[in-house]
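The structure under discussion appears below in the form of structure tokens.
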Amino acid sequence: MKYQIETTISQNINLVLERFQDPEGIKKWQRGFISLEHLSGTPGETGSKSKLKFRQGKRNMEVIETITTKQLPEKLITIYETKGVWNEVITRFKKIENEKTLHTSEITFKMKGMLKIMGWIMPGMFKKQSKQYMDDFKYYAETGSSLF
């Protein structure tokens, strides 16, 4: 499954990038975020790996994040892997005015087992969750305030 989402953030691109790259900021906008554990490489740079823990409903989930390309603001390619799911996100930021930034994500999911069936039956669920994360980041980028 592959799709693209985008939004316009009413904030200067430099501040947007600063907030996007701040590991302490994640807890302010990522729903269910519990923790980030650095595993290898230079944190936040190409080749780095981290373990992210989330709570979704009543279950906890661990995801391994690998940054494969970092050329911000033009492109950040990140791979997220968990049991039965491989997810690539290509994130781009583009200045469109002094105080406006276009945020685009190209998202690819590859799934196995029951998750693959869910992806076929309910692709809108994945798009909706991706859009929610993007909207939550937009709020944080524009205000600097936590959603939680």
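The values are calculated or read from the model by the stated rules, or taken from the named source; none is laboratory data. Nothing here was measured: the structure is a model prediction, and the numbers come from that model. Glycine also receives a Cβ, built like all others from the backbone with ideal geometry; neighbour counts cover every protein chain displayed.
Find all pairs meeting these conditions: Cβ atoms under 9 angstrom apart; at least six residues apart or on different chains; first residue within region 85-106 and in contact (Cβ under 8 Å) with a residue 40 or more places away in the chain; second residue surrounded by 17 or more Cβ atoms within 10 Å (Cβ to Cβ) and assigned to a loop (DSSP other than H, G, I, E, B).
Correct list of pairs: Phe93/Pro73; Lys94/Pro73; Lys95/Pro73; Glu99/Gln11; Lys100/Gln11; Thr101/Gln11; Thr101/Pro73.
Taking region 96-123 as the search range and keeping residues that are out of contact with any Ser or Thr (no Cβ under 6 Å at 6 or more places or on another chain) and among the small types (Gly, Ala, Ser), which one is modelled with the highest pLDDT?
The extreme case among them is Gly113.
Just one of Phe126, Phe137, Phe93 is modelled with pLDDT of 95 or more, part of a helix (DSSP H, G or I) and within 16 Å of the chain's Cα centre (by Cα); which is it? Before the answer, list the steps.
Numbers: Phe126 fails: modelled with pLDDT of 95 or more; Phe93 fails: part of a helix (DSSP H, G or I).
Within the list Phe126, Phe137, Phe93, the selection yields Phe137.
I'd like to verify a number: residues in region 64-83 that are among the charged types (D, E, K, R), within 21 Å of Arg31 (Cβ to Cβ) and assigned to a strand (DSSP E or B), how many? Spell out the reasoning first.
Our first condition is that a residue be among the charged types (D, E, K, R); within region 64-83, this holds for 65, 70, 74-75, 81, 83.
Going one step further and asking which of them are within 21 Å of Arg31 (Cβ to Cβ), we end up with 65, 81, 83.
Then drop every residue that is not assigned to a strand (DSSP E or B), which leaves 65, 81.
Residues that pass the stated criteria total 2.
Sort out which residues of region 15-40 are more than 28 Å from Thr143 (Cα to Cα) and in contact (Cβ under 8 Å) with a residue 24 or more places away in the chain, and write them in order of number. Step through it out loud before you land on a result.
Just the residues of region 15-40 that are more than 28 Å from Thr143 (Cα to Cα), to begin with: 39-40.
Selection gives Leu39 alone.
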